[in-house]
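The values are calculated or read from the model by the stated rules, or taken from the named source; none is laboratory data. The shown structure was predicted, so the numbers you read here are calculated from the model rather than taken from an experiment. Don't worry about glycine lacking a Cβ; one is built from the backbone with ideal geometry, like all the others, and counts go over all protein chains shown.
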Amino acid sequence: MSLSSHDWRMRRARSRIQRSARRALALNRRGEVRTDGLRLRTLRNRLEIEWGARDVHPWDRDLSACDRAQLFAEQCLEDVNSVLKRLFENLPEIDVIEFKVIALDSSCSILSGVVTRSAVDEADAKSAGMRLKQLGVRFRLVNWQFQPLT
C-alpha cells in the first residue's frame, strides 16, 4: 500500500512533533543521573482561529432582505465547512481547531466550535448545517438570521 503525499506529510509532521516532545520529557538530558524520563501519553496540537463572515456577492445585494439573509446564512455555513476541511488538509500537524466566526457589522460571534480532525473525517451529513451540528459547532438561526452567541 502506497502512501499519498498528503498522508506522508502528515505522518512526518506528527513524528517530528512527537520526537521533540519526547526529547523534552527525557529528563536525563538536563544533566540528571537517572535515565528514566517521563513517558509521553497524549499529544495534541491545537489551533485557535477567528475570522469575519463575508457578505453576499455584490450582485446579490439587490435581493430582498429575506432572500439575502438566507443566502448569507447558507454561504456562511458552507464557508465554515470548507475552511475546517482545508485547515486540516493544509496543517497536518494540527489535531484540534477552536474557531469563531464574527458577524459582518459587529464583534459578536455567530458560529463557534472546537473540532477534532477525526470528527471532520467521520462527519457524513450532506447539508452544511447538519454537518456542522455533527461536529458540535454552535450557531443559532432564527428565520435565516444568525443570532449572536453568548
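Give me the pairs, please: first residue somewhere in region 42-61 and farther than 16 Å from GLU74 by Cα, second residue anywhere and assigned to a helix (DSSP H, G or I) and modelled with pLDDT of 90 or more, beta-carbon distance under 9 Å, and either six or more positions apart or on two chains. Matching pairs, first to second residue: LEU47/LEU87; ILE49/VAL83; ILE49/LEU87; TRP51/ASP79; TRP51/VAL83. You will find that of CYS76, CYS66, the residue that is surrounded by fewer than 13 Cβ atoms within 10 Å (Cβ to Cβ), in contact (Cβ under 8 Å) with a residue 12 or more places away in the chain and in a helix (DSSP H, G or I) is CYS66 and no other. Every condition in (1) under 18 Å from the mean Cα position of the chain (by Cα); (2) over 20 Å from ILE17 (Cα atoms); (3) not aliphatic (A, V, I, L, M) is met by SER118 except one, and the failing one is (2). Within the set VAL114, VAL56, the sole residue that is out of contact with any Asp or Glu (no Cβ under 7 Å at 6 or more places or on another chain), among the aliphatic types (A, V, I, L, M), surrounded by 11 or more Cβ atoms within 10 Å (Cβ to Cβ) and farther than 18 Å from PRO148 by Cβ turns out to be VAL56.
Of all residues in region 94-132, those satisfying the criterion of being within 12 Å of GLU48 (Cα to Cα), in contact (Cβ under 8 Å) with a residue 24 or more places away in the chain and in a strand (DSSP E or B) are VAL96, ILE97, GLU98, PHE99, LYS100, VAL101, SER112, GLY113, VAL115. Take VAL101 and decide whether it is within 15 Å of PHE146 (Cα to Cα), at pLDDT 95 or above and aliphatic (A, V, I, L, M). Considered against the rule, which asks whether it is within 15 Å of PHE146 (Cα to Cα), at pLDDT 95 or above and aliphatic (A, V, I, L, M), VAL101 comes out as yes. On the stretch given as region 83-93, residues that are surrounded by fewer than 17 Cβ atoms within 10 Å (Cβ to Cβ) and either in contact (Cβ under 8 Å) with a residue 40 or more places away in the chain or in contact with a Pro (Cβ under 9 Å, 6 or more places away or on another chain) (or both) total 3.
Among the conditions (1) surrounded by 12 or more Cβ atoms within 10 Å (Cβ to Cβ); (2) more than 19 Å from SER82 (Cα to Cα), ALA123 misses just one, which is (2). Looking across region 133-150, the residues that are touching a residue at least 40 places away in the same chain (Cβ under 8 Å) and either more than 16 Å from the chain's Cα centre (by Cα) or assigned to a helix (DSSP H, G or I) (or both) come down to LEU141, ASN143, TRP144, GLN145, PHE146, PRO148, LEU149.
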